[in-house]
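Okay, so here's the structure we're looking at.
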Amino acid sequence: MDVDALRAGTPGCRHRIHLNNAGAALMSQETLDTVVGHLRREAEIGGYEAAGEAAGRVAAVYSGLAELLGGRADEFALFDNASHAWQAAFYAVPLRAGDRVLTGRNEYGSNVLSYLQAAKRVGAEVVVVPNDEDGQIDTFALAGLIDERTRLIGLTHVPTAGGLVNPASDVGRIARAAGVPFLLDATQSVGQFPVDVEEIGCDFLCGTGRKFLRGPRGTGFLWVRSGILDRLDPHIVEIESADWDGARGFDWVPGAQRFATWEMNYAAVLGLGAAVDQALNLGLDEIGKRTSELGDRMRGVLEDIPGITVHDLGRRQCAIVTATVEGVESAEVVTRLADSGVNVTSTVPAHQQFDTEDRNLPPMVRFSPHYYNTEDEVEHAAALVGAMIDKRL
């Protein structure tokens, strides 16, 4: 991996140290040119006409996602964000009073709110599976909690507030053996390291373009295993997802397009395709190796500074690193780093409710390097945080 060349092709690297890739990564110049080029074409010939002209390139986005994640192109639907993609899957699973949804302590906040709404609306039961001694989902406990009332297993692959990588493939094997649908939120993992739906064994997977894939904001996608479609009832129907039968009924269109909507931001979709192509060209194995090394470096230099506590869980960890700084509020750390040209963010306890119930951690500083970051940038950011402690003393 030629990091210097990748940085030269990333305009944002020229002026900032960007360690907020779990929020939104920096787009490459190629992706930026793709988005702007299509917007310009819409202005020149019209939106519908530009979409028609780009139809082949739009179709290639689905094929690219299939190459990236496994499955088939017709098993993908595009959305404006990962939350809407996840919700399209979750609300298509029929739930009744007494049905159970199993999930982990690290589940993402929006997903949790949807579980709670289902519990309130239909009387479903939300069961939180405990963590094991490493802080990841306890797969033995999960297997023991499945019963005839279990209708769904929902899991966040990589949480928003930590470096943990949950053992998704182990969960997939348990779900398949029990015949229970498995919904995986891969928002923070797709683009950071290899993710394969067949290897994992999930039935749904949602992701976003803006994070480690380095695509534009306003892009998301859902993969749905074709074999589970007959068990689902999508909660929205419109002209892209269904065909009128000529009378007073309709038929769902084939594949995952039954979850899609007709209108799309085609410039953003094409930008997503460019980002997917870049990830494929670099190779997810190489990307995963590089991001893991940088995550380990970030975690290590922070742990070596007295007064900084790293809070990441899990047997396997990734490029997301969360820490607290003794005597300095996380929001202040974020602001002072920004003043020094370093982008990070802080976590929100309410965005990971079940984990907050368990650990009751305050807001933490979240560092998330990507493959175009350098070791010097990682060490410089850590040194700036260390200086905050020294000044306080």
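Here the chain carries DSSP beta bridges of which approximately 55% are antiparallel, counting only pairs with both residues inside. Overall, the anisotropy analysis places segment 265-393 in the prolate class: the square-rooted eigenvalues a ≥ b ≥ c of its C-alpha gyration tensor yield a/c not less than 1.5, with a/b exceeding b/c. Other residues with beta-carbon under 13 Å from the beta-carbon of Asp233 carry, at +1 per Lys or Arg and -1 per Asp or Glu, a net charge of +3. Using the Cβ of Asp147 as centre and a radius below 11 Å, the other residues enclosed give a net charge of 0, where K and R count +1 and D and E count -1. For segment 112-206, the relative contact order is 23 percent, taking Cα pairs closer than 8 Å that sit 6 or more residues apart in sequence and dividing their mean separation by the residue count.
Normalised by the residues of the chain, what does the relative contact order come to in percent, with Cα pairs under 8 Å and at least six apart?
24 percent
Put simply, the Cα atoms of segment 29-281 extend 59, 50, 28 Å along their principal axes, the longest span coming first.
Could you tally the net charge around Thr309, taking each other residue with its Cβ under 13 Å from the Cβ of Thr309, Lys/Arg +1 and Asp/Glu -1? Don't skip to the answer; put the middle values down first.
On the way: positive: Arg299, Arg359; negative: Glu303, Asp304, Asp312, Glu326.
The answer is -2.
Computed from label points 7 Å out along Cα-Cβ, the spacing between Ala350 and Glu49 is 4.8 nm. Remark: the Arg173-Glu30 segment gains 47.6 nm on full extension, using 0.36 nm per residue and subtracting the alpha carbon distance. Residue exposure proxy: Met364, Met388, Met298, ordered by other Cβ atoms within 10 angstrom of their Cβ from fewest to most, comes out as Met388, Met364, Met298. Take the Cα of Leu282, step 7 Å toward its Cβ, do the same at Ala60, and the gap between the two points is 2.0 nm.
Bear in mind that the values in this text are calculations on the coordinates, not laboratory data. Everything numeric in this text was worked out from a predicted model, so none of it was measured. Virtual Cβ from ideal backbone geometry, glycine too; neighbours counted across all protein chains shown.
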